[in-house]
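To keep things clear, I will list the structure first and then write my remarks on it.
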Amino acid sequence: MVVGGHTLASRLIVGTGRYDTMEQMRDSLDASGCDCVTVAVRRERLYDRGGKNILDFIDLDRYTLLPNTAGCYTAADAIRAARLGREILKTLGNPGADWVKLEVLGDSKTLLPDPAETVTACRELAADGFQVLCYTSDCPVTAQRLKQAGAASVMPAGSPIGSGQGLLNPNNLRIILEYLKEDDPDYPVIIDAGVGTASDVSQAFEIGGDAVLLNTAIAHARDPVQMAKAMKHAAIAGRHAFRAGRIPKRLYGTASSPTEGVISTRPYGSNA
Amino acid sequence: MIEITVNGRRVEIDSEMSVQQLLDTVDVPPNYLAVEINADVVPRETYADTIVRAGDDVEVVTLVGGG
């Protein structure tokens, strides 16, 4: 899959937050088969520093980092976070230095995005040379505005971040996929946020999503490494199912076995 | 002594110093950090030449786990 100039082998993008330990995170990323992981930009604890740094647990030759602007509530702050993340990744020599997952929140309870601030930040970051991957709601109009603002990918949420509710409005996601890929079939649309379990990932691919970005569903599973494996296989299964083409849903049954040559009679008539 | 703000906390330092000198006082691998003064990123190649002055608002950030 190509997104923002990067070619990814896996269609899963996995977050690095909320694991019990750095070792558990490292093993979960490995089990997921992903080659792109998200990270956040935060103030360093400079003078009473006891913790480990996440960069000691991520193989920078293996993973492309996707820095996010999580926790920002204004376009201005998100732009600052994006530029700081780029500076660190440039120093590390990681290919992720030229892109960003843009997230501008509008509400601290639902963690839903602020559409106006997101569009503003997207336009400015794209003008500044970033490949902008935009977290957004499942609103088709906002998705179109973000693409017009220069987003390299639009990433609608299945449901609120970390909620585990899966895809609450698959019809809106289908409309977004239809609108953004109309006349531009390779435009990447990534389902970001809300995944609870493997079937949610499969569904995201079955409706035509190009990739899925998830974090909490793995990190807070009882067994994160095993859930990471499940997500990997769910992504593969869903993508194959999409490419293969599902059968239409019908009201009535259609027999899989031949109707001719049956030895049985129908004692209650043709509808029996 | 001059007063600056580092990561939201007011701190006093002996005198104006370069970003490089400021970072030399902390125990973090410098390649894990990025620095901003008054909301503008300081490019790494200019750390030695960029002076932190009284009243400056300095942010020093790193990467952490996130989704």
Problem - Average beta-carbon neighbours from other chains, 10 Å sphere, peptide A:52-65 - result: 2
Problem - For q = 0.14 Å⁻¹, Debye-computed log10 I/I(0) when each Cα of chain A counts as one equal scatterer - result: -0.94
Handout entry: Average beta-carbon neighbours from other chains, 10 Å sphere, peptide A:36-43
Key = 5
Problem - Relative contact order, percent, the stretch A:93-195 [alpha-carbon distance under 8 Å, six or more residues apart] - result: 24
Fill in the blank from the handout: Quick calc, chain A, dipole around Cα centre from Cβ unit charges on Lys, Arg (+) and Asp, Glu (-), nearest 20 debye, gives 440
Fill in the blank from the handout: Which residues qualify? For A:VAL3, with a placed amide H closer than 5 Å and at least 5 residues away or on another chain, they are A:LEU8
Exercise for the section: Provide Rg and Dmax in Å for the stretch A:189-272, with only Cα atoms included in the calculation. Expected result: 19.9, 57
Exercise for the section: Starting with the highest mean, order A:170-181, A:76-87 by the number of other Cβ atoms within 10 Å, averaged over the residues of each peptide. Expected result: A:76-87, A:170-181
Practice task
Please report, to one decimal in angstroms, the Kirkwood hydrodynamic radius of the stretch A:1-140 built from all distinct Cα-Cα pairs.
Solution key: 15.8
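Run the helix sum for chain A: -39,500 (n - 2.57) per DSSP H stretch of 4+ residues, divided by residue count, reported at 222 nm to the nearest 500 deg cm²/dmol.
Mean residue ellipticity, 222 nm, calculated: -11000 deg cm²/dmol.
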Handout entry: Span-rule helices in chain A, defined as complete DSSP H runs reaching 20 Å or more along the axis (Cα) with Kyte mean at least -0.5
Key = A:75-92, A:224-244
Problem - chain B - mean residue ellipticity at 222 nm from DSSP helices (-39,500 (n - 2.57) per run, n ≥ 4, rounded to 500) - result: -1500 deg cm²/dmol
Fill in the blank from the handout: The farthest towards the positive end of the charge dipole of chain A, of the residues A:GLN226, A:TYR179, A:ALA143, given +1 on Cβ of Lys and Arg and -1 on Cβ of Asp and Glu, is A:GLN226
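Enter the accessible area per residue of the stretch A:156-264 (Å², integer; probe 1.4 Å; all protein chains in place).
Solvent-accessible surface per residue comes out at 57 Å².
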Problem - Viscosity 0.692 mPa s, 37 °C: Kirkwood-radius Stokes-Einstein D of chain B over Cα pairs, µm²/s - result: 267
Exercise for the section: May I ask you to give the percent of accessible area on the protein assembly as shown that is carbon plus sulfur, with a probe radius of 1.4 Å? Expected result: 48
Fill in the blank from the handout: Given backbone amide H placed at 1.01 Å from N, residues whose amide H is under 5 Å from that of A:VAL104, ignoring those fewer than 5 places away on the same chain, are A:ASP114
Exercise for the section: Name the residue farthest towards the positive end of the dipole of chain B from the options B:ASN38, B:VAL64, B:VAL52, assuming +1 on Cβ of Lys and Arg, -1 on Cβ of Asp and Glu, about the Cα centre. Expected result: B:VAL64
Fill in the blank from the handout: Here the relative contact order (percent) of chain A, from C-alpha pairs under 8 Å and at least 6 apart, is 17
Problem - 21 Å Cα cut-off, lysine pairs counted over the protein assembly as shown (separation 8 or more, or different chains) - result: 5
Practice task
Using only alpha carbon positions, build the gyration tensor of the stretch A:10-77, then give the equivalent ellipsoid semi-axes as the square roots of 5 times its eigenvalues, largest first, whole angstrom.
Solution key: 22, 18, 10
Handout entry: Whole-Hz ³J(HN,Hα) from phi, Karplus 6.51 cos²θ - 1.76 cosθ + 1.60, for the stretch A:105-112, glycine and proline x
Key = 7, x, 7, 6, 8, 8, 6, 6
Problem - Taking the C-alpha atoms of the stretch A:40-91, convex hull volume expressed per residue in Å³ - result: 98
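Find the sum over both chains of the accessible area lost when A and B are paired, probe 1.4 Å, and report it in Å² to the nearest 100.
Protein heavy atoms only, the A-B interface buries about 2700 Å².
The values are calculated or read from the model by the stated rules, or taken from the named source; none is laboratory data. Since we're looking at a predicted model, the values are computed, not measured. Every residue, glycine among them, receives a Cβ derived from its backbone with ideal geometry; neighbour counts consider all protein chains shown. Heavy atoms of the whole protein, side chains included, go into the accessibility calculation; ligands, DNA and RNA do not. Shrake-Rupley method; radii C 1.70, N 1.55, O 1.52, S 1.80 Å.
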